Each structure stands twice: as C-alpha cells, then as structure tokens.
1. For segment B:290-415, what is the relative contact order in percent, using Cα pairs closer than 8 Å and at least 6 residues apart in sequence?
2. Run the count for the protein assembly as shown, please: Lys pairs, Cα-Cα under 26 angstrom, 8 or more apart or on different chains.
3. If you take every DSSP beta bridge fully contained in the protein assembly as shown, what fraction is antiparallel? Give it as a percent rounded to 5.
4. Take A:VAL125, B:VAL227, B:VAL100 and order them by how many other Cβ atoms sit within 10 Å, fewest up front.
5. Return one number: the angle in degrees, 0 to 90 and rounded to the nearest 10, between the long axis of the Cα atoms of helix B:364-378 and the longest principal axis of the Cα atoms of chain B.
6. Segment A:1-102: Rg/Rh from Cα coordinates, Kirkwood Rh?
7. Can you tell me which of A:SER19, A:SER112, A:SER144 moves the most in a GNM of chain A? Springs connect C-alpha atoms under 10 Å apart.
8. Quick check for me: using +1 on Lys/Arg Cβ and -1 on Asp/Glu Cβ, what's the dipole size of the protein assembly as shown about its Cα centre, in debye to the nearest 20?
Amino acid sequence: MADEFNRALGLAGTRIVDSVGSFLPGALVFLSLLLVAFIVALLIRAGLRRGLTRLEFDRRAEGWGISASGLTPSGSAASLVASIAYWTVLILGLLLGLTALDAALPTQFAVSVLQYVPHLLAALVILVIGNLAARFLARAVLISAVNLGVQYARLFSVGVKWLVLIVAVAMALDHIGIGRTVLLLAFAITFGGVVLTIALAVGLGARDVVARALSRQLRAPTDDKLDHV
Amino acid sequence: MPDETADPAVVAGLLTYQDAATVGAAARAVREGLAAHFAGVPTRMLIVDVGSTDGTVALVREAFGGAADVIEVAPHRSAADLLDVPYHGIPGKARALRAVLSTALDLKARACIVFDGGVRTLTGEWVASLARPILDDQLDFVSPFFSRPPFEGALTKGLVYPVIRALYGVRLHQPAAAEFACSSGLAGHWLRTDLWERSGAQAGIDIWLTTAAAAGDFRVAEVPLGVRAHGTRGEEALDLGATLAQVVGALFADMERHARVWHRSQTRVPVRRLPSPAEAVRPAAAAVDADRLVEAFRLGYRELRDIWTFVLPPRTIVELKKALDQPAREFRLADDLWARIVYDFAIGYRMRAVARDHLLRSLVPLYSGWLASYAGQVRDASPEEGDRRVEALAEAFENQKAYLIARWRWPERLRIG
C-alpha cells in the first residue's frame, strides 16, 4: 500500500516536473519576448517623442486640423502618436509571447489576432486619411464659401466634413468585415439622409442666400471688376 | 538706316497670348517707337507667343512678315501651363520671358525691353522712356509707373509695394508690372538664378524679377508712362482668392528665398524717378462698395478667426474684434495693424502653420477690410493725397520691419504673445 502510494506520488511528481520542465522554457521565452517588446516600445516611444518634437509635429498637426486635446494629459499630438506606437509594440510582443507558451487556446487566439492585425492597420490608415481629408476639405470649403460671401459657410463646411468622415468610417468597417450588409444599408440611409438634409437646408432654409449669391454673380458688382494687381 | 546685321543695341520683346484684338496696334507701336527714337541704332523686335489660338501670330506675321528686324521666338511650353491660369493671363510666362532675355543676350543687346501684347494704350514713347535710361544713364532696371485710379491695383498699393519697399528699401510702386527694361548685366544675372524653375514661377515671375534686381545691388529707376489699359484676360478669369493667393504667395515665397538679404538690408536703395513725355493722365476712378467689403470682413472674422489664430497673435485678434463694430463708412484698419497682419501671414506661410493655399485665401476678408478702410480714406481725396496715403502705409510697413524680423527669427517665442 505504502509502496503503491510512493510510486504514485513519484509518478505525479515526475509528471509535474516534466510539465514544469516543458512549460518553463516557453514561459521564459514569453517573459523574454515581453521584456524585449517592453524595451523596444520604450525606445520607440522616446524616439518618436523626441523626433516629432524636433519636427514641431504638434504645431503642424494643429495646422492640419488634428487636435489631441483630451486624448492625452498634455494634449500633445506627438505624445499621442508615441503612445499609440508604444502600446502597439507592447501588444504585438504579448501576442508573440503567447505563441511561445505552446498552450493551445492562447496560441490560437494570438494567431487569429495576428492575422487580423493587417486589416486593423489598413482600417486605421483609412480612418486617419479620411479624417485628414475631411478636415482639409472642410477648411477649403469654409474659406471658399466665406470668400464668396455665403453667410452659412460653416454649414457647408460641416456638411462636407461629415460626408467624408461617414465614407471613411464605412470603408474602414467594411475593410475589417464588420456587419457588411447592415453597414451598407446604414451607410446608404445615413449618406442619403445627409444629402437630403443639405438639399432641404439649402432649398428651404438658405433659399434667400442662394438667390442672393446667384444675383450677385449675375450682377457682377463694381468692386469685382477691380484690377487688384 | 541702321545696319541690320550689326549687334542690336536694343531688343524689344512683345509677349502675346490670345491678343488678336490688340496685338496689331501694340506691335506697330513698339516697332515705330524703335524706329523713331533709335534711328541709326540697330534694334530688333522679338515676338513671343505662348500658344494663341485666336490668330494672334497670323496677324503679326501678316503685318511684319519678312522684316529682318522682327524675330519670332517660340518658347518651350509645358502641358501644365494649360491647367494653370495665372493672374496676368499669360500661361508659361516665365518660360516666355526667359526666351526673350536669352535671345537678347545671344544678340548681345545692351538693353532689353519687355511689353505685353494685350495692352491697348502702348505707344512708341514707352519704348524710349524705358530703354533710354539703360543706354544713356547706364541704369540696370527701369520699371514703369502707370497712372491708376485710387482703387485700381489696391493689392499692389496696400501689400506688394509696401512689403518690397520695407524689405529692400526700394521704392518701385508697381513691382508686378509686365513692362520693364533691363541691362544685359541684369539679364545675365536673372538667367543665372534658379528662379525660373521654382514652383510658382509662371505666376510670380514679374515680382521675382523686380526683387532679384532690388536684392542684387543694381541701379534701378522708375518712369511714368501714363495710363495702362489692357484687354480681358487673366485676373478677370480668376476670383479674388485665386489672384491674391498667386500674388501674395509669390511675394511670401520670395521673402523666404531672400531672407538673408532683407534681414541685413537697412539702407534705402536710390530709385530715380525719371521724367517722361507721358502726360499725367488720371483715369476715371472705379467705384468700391465699402458696405460689401466690411460685410466680407465681418463674415471672415466670424468664420475664419480659428484659422487666423494659427498665425495672428491674440493682440491682433483683439484689435480686429474692436474694428468689427465700426460702421462701414467710418471703418478703419490702422496701418500698423495691417502691416503686422501681412507680416504674420508671411511667417505663417514660411512655417506652414496652415496649408499654404488655405492660409493665403483666408487673407481675403482681411484684405477686404483693409480695402474698405483705404477706400474710406481716399474716396474724396485728390490723387496726390491718395499717393500720400499709400506712402504713409508703406512707412508703417517699414516701421514694423523689426517686428517681422523678430518673429521670423523666433516664431515660437512670439506665438503666445
């Protein structure tokens, strides 16, 4: 009885040691990868902060219409970019580390997430470009409308901005395959709604403004004929 | 009879583009001017067309076909020229001017004069008035001074002239004029620079040639030529925003290029104001709708203030806010304030605080405000009082030059204040 108990205990101990022995290298690799990822993330964050500050990224970002106020404690766009890069590298390190653990579930999860990363990145790029384009076009429309003497210039500007943003969000969501059918319907309804709203606003609310603008064009006021140069 | 095989003393270039209505009279005036005022001196006339499709070239050939002293020059053309509409209306103008200057140098001409084929009031007197100082007085650059109603050329009077005068100490009242005369030395200097290939050259070349002469220690003069009337093209096809973006953009780009020169320049470059047989004719004044200009300024303040804050310090924004409540007839924008606004926009352009085209176009409401203020001051004034008003404004730009240099050197330091 005692011998059997000792044997069973020995076998259990051997199994535990074997398990620990097979798990330990993976865990060490996991910790090493996490440590390396952490160091790389720290370096990238510091490098980006320094480089972007030197390039006066905050001021330029303001000029492009990108504001980080409320997103970071300092409200700095350079810090925001550095933080995004930091967390991206850290998460990638964590996912890579999970594959090293050789555990079925975490590995499967990590692989599927890693396969999804390119789509996520592409969607993120679409969103960033869409946001930049929306702000740029909104500003261009605002300035042109003001120079044409349109009293509701901001209305047009905001309309253009949201149209471009809606298109960008729809494209990004479509890219990562979230609710394609629902999205298509929602996009068509929202886009159509925005266009209809603008048409109604111009047709009913701003009818006088449009009429005045057209009559101004047809009348060709005297100071428009000035040779300014 | 001048020897037609000898090196010409004077070369006159006539730039044309869709000028069928005016080119005949303009070309005859130039040729007659050369014949009447430079008898016995070898001369050449260059016809430089940049792609007219209205029969301009055929008209010139018909009038002067076979004449040994008339040379047709075909400048290189770019496909991009068809897309850009410059405010002066001549696509690829820089290439055309380069062809004129190069040909003049190749012909070993001592003086080169340039005219615009679209001008209706061009006379033979202009040829003599522009070229004589180059030949007789050894000057390098002669710029015209045209009589203009008070509001005509307001952008030149209120911005381009004061800025160039403040930066280089050169009092050339119409630095963007299409007509000018230059010596072979200055033509060679221009051709050696890289300004021909720079972005924006096709629109800004007139200003750049003037500033290159001003920055290069050349002897300059200004000669009154009377009234300049031209056919419809160019600026009339563009809105004010596009015109202002081209002209002011060219000026600001030039400020970047010559920053070292104007930072050091403190002396006043003497500009000879030459007499001219042209009578001091004052053309009828065009009307300006001050109410509409002030309304444009107010709309701009309301909607574009957020963009202006990228380049204008808070103090300036506060001063603009104070100006909002003035009635249109009494609307005034102080000269110092307008000078600082222009300089701040120049710095914003240099720093790319906002997309450059957006920044330049957002200046339109501020310019409208200044024009309303200027119109209120010169509406009932005599022409001499109007000229004095422009000179007072230019002095304000000179007084604010230290502000410009300080902000140019330390833009971040002054951003907050």
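Each reported figure results from applying straightforward, stated rules to the coordinates on display, with no laboratory input. In this text the structure is predicted, and so the values were computed from the model without any measurement. We place every Cβ from the backbone using ideal geometry, glycine too, and count neighbours over all the protein chains shown.
1. Reported relative contact order: 38 percent.
2. 9
3. 20 percent
4. A:VAL125, B:VAL227, B:VAL100
5. 80 degrees
6. Rounded to two decimals, Rg/Rh equals 1.41.
7. Maximum among the listed residues: A:SER19.
8. 1580 debye
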